[in-house]
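Let me begin by presenting the structure, written as C-alpha cells, before commenting on it.
A short reminder: the numbers here are calculations on the coordinates, not readings from a lab. Since we're looking at a predicted model, the values are computed, not measured. All Cβ positions, even for glycine, are placed from backbone atoms using ideal geometry, and neighbour counts span all protein chains on display.
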Amino acid sequence: DAGVIQSPRHEVTEMGQEVTLRCKPISGHNSLFWYRQTMMRGLELLIYFNNNVPIDDSGMPEDRFSAKMPNASFSTLKIQPSEPRDSAVYFCASSLGGANVLTFGAGSRLTVL
Amino acid sequence: DQQVKQNSPSLSVQEGRISILNCDYTNSMFDYFLWYKKYPAEGPTFLISISSIKDKNEDGRFTVFLNKSAKHLSLHIVPSQPGDSAVYFCAARRNQGGKLIFGQGTELSVKP
C-alpha cells in the first residue's frame, strides 16, 4: 500500500481564493482525520469521519472551512475564501476503527499571501 | 482548551545519553496514549503507545511511562542517537470511537 496520499504537497495562493486539499486514505481504513499543524497549537484536529460520515467537526475554525468524504477512498478539505492566517501544514490521516494508531500522509503546506 | 500539553518546545541531548520528553493531560477519561515522531517535510509516524491500565510500555530503546494520578506521561529514549532528532508529539484519546488529541510537540536534537 502506498500509504495515505495527499495532494497538493505545496499550495501558494492569494487571499480570497478557494483552496481544495485532497486525501486518499489507506485502503480498508474506515476512519479519516484532518489535522492542521501550527506552532502554537501543534497538531489540531479539524474534523474526522467514520465510514464516510462526519462525526466531529468541532475543530473546523470557521464556516470558510468544509470537508467532504464522498466515498471510502477520497476526502477533500476546502477553504473558501482563504486568508493568510490559514497558512499551515494540513495533514490527513486514516485508521482502522477510530482513534487507534493513525497513519498520516506527508501533508499539504498551504501559504496564503 | 489544550487538553494535551507539551510544555517544552525543544530539548537538546548528547548522543548516547537519555532523552526524556514530557507530556501532561487534563482529561482523566483518556484511556489510550501514543507518541509520534515527525521528521521535516514528512507526516508524523507512530512510535509507541500505552493503555491507561498500564504504567509502562517498552519497545527497544523507547519506553513510555504513565502516571495517572499526576496526569503525566513521558517518553524515554536510551541511548539517544542523532537519527532520533525530530519533533515528538504525544496524543491521547477518550475512547476508540472518539478523537485523537495531540500536544504541541517537542523538538529533540541529539548532538553527536
Members of region B:38-73 that are among the basic types (K, R) and within 11 Å of another protein chain (Cβ to nearest Cβ): B:K38
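Can you find a residue in region B:74-89 that is under 21 Å from A:Y35 (Cβ atoms), away from chain A (no Cβ under 12 Å) and buried (at least 17 other Cβ atoms within 10 Å of the Cβ)? Even if it seems obvious, please write down each step before you answer.
First pass over region B:74-89, keeping only residues under 21 Å from A:Y35 (Cβ atoms): B:75, B:86-89.
Right, trim to away from chain A (no Cβ under 12 Å) and you get B:75, B:86.
Retained after the next criterion (residues that are buried (at least 17 other Cβ atoms within 10 Å of the Cβ)): B:75, B:86.
Yes.
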Go through (1) in contact (Cβ under 8 Å) with a residue 12 or more places away in the chain; (2) closer than 26 Å to A:L45 by Cα; (3) not in a strand (DSSP E or B) and name the single condition B:L34 misses. (3)
Tally up the residues in region A:84-113 that are more than 14 Å from chain B (Cβ to nearest Cβ) and basic (K, R), please. 1
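Among the candidates A:R109, A:R64, which residue alone is more than 20 Å from B:I101 (Cα to Cα) and either loosely packed, with under 14 Cβ neighbours inside 10 Å or touching a Pro at 6+ places or on another chain (Cβ under 7 Å) (or both)?
Values: A:R109 fails: either loosely packed, with under 14 Cβ neighbours inside 10 Å or touching a Pro at 6+ places or on another chain (Cβ under 7 Å) (or both).
Checking each option against the conditions leaves just A:R64.
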Any idea which of A:S82, A:S75 is surrounded by 13 or more Cβ atoms within 10 Å (Cβ to Cβ), small (G, A, S) and closer than 15 Å to A:L110 by Cα? A:S82
Sort out which residues of region A:30-39 are without any contact (Cβ under 8 Å) to a residue 60 or more places away in the chain and either surrounded by fewer than 15 Cβ atoms within 10 Å (Cβ to Cβ) or in a loop (DSSP other than H, G, I, E, B) (or both), and write them in order of number. A:T38, A:M39
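Considering only residues of region A:1-39 that are farther than 20 Å from A:N100 by Cα and within 12 Å of chain B (Cβ to nearest Cβ), which is farthest from the chain's Cα centre (by Cα)?
Just the residues of region A:1-39 that are farther than 20 Å from A:N100 by Cα, to begin with: A:6-22, A:38-39.
Next, only the ones that are within 12 Å of chain B (Cβ to nearest Cβ) stay: A:6, A:9-10, A:38-39.
On the way: A:Q6: 9, A:R9: 12, A:H10: 14, A:T38: 14, A:M39: 17 Å.
Taking the candidates together, the pick is A:M39.
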Looking at region A:54-83, which of its residues are in contact with a Leu (Cβ under 7 Å, 6 or more places away or on another chain), more than 14 Å from chain B (Cβ to nearest Cβ) and not hydrophobic (A, V, I, L, M, F, W, C)? A:S75, A:T76
Considering only region B:1-33, state which residues are small (G, A, S) and loosely packed, with under 14 Cβ neighbours inside 10 Å. B:S10, B:S12, B:G16, B:S28
Quick check on region A:79-92. Is at least one of its residues out of contact with any Cys (no Cβ under 7 Å at 6 or more places or on another chain) and within 28 Å of B:S51 (Cβ to Cβ)? yes
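Which one is surrounded by the fewest Cβ atoms within 10 Å (Cβ to Cβ), of the residues in region A:40-53 that are more than 13 Å from the chain's Cα centre (by Cα) and facing chain B (nearest Cβ under 8 Å)?
Quick first cut of region A:40-53, residues more than 13 Å from the chain's Cα centre (by Cα) only: A:40-42, A:50-53.
When the remaining residues are screened for being facing chain B (nearest Cβ under 8 Å), the result is A:40-42, A:50.
Details: A:M40: 7, A:R41: 15, A:G42: 24, A:N50: 17.
Ranking the candidates gives A:M40 first.
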Scan region A:1-51 residue by residue and report those that are in contact with a Phe, Trp or Tyr (Cβ under 8 Å, 6 or more places away or on another chain) and among the charged types (D, E, K, R). A:R22, A:K24, A:R36, A:E44
Just one listed residue, out of B:N57, B:N95, is part of a strand (DSSP E or B) and more than 10 Å from the chain's Cα centre (by Cα), and it is B:N57
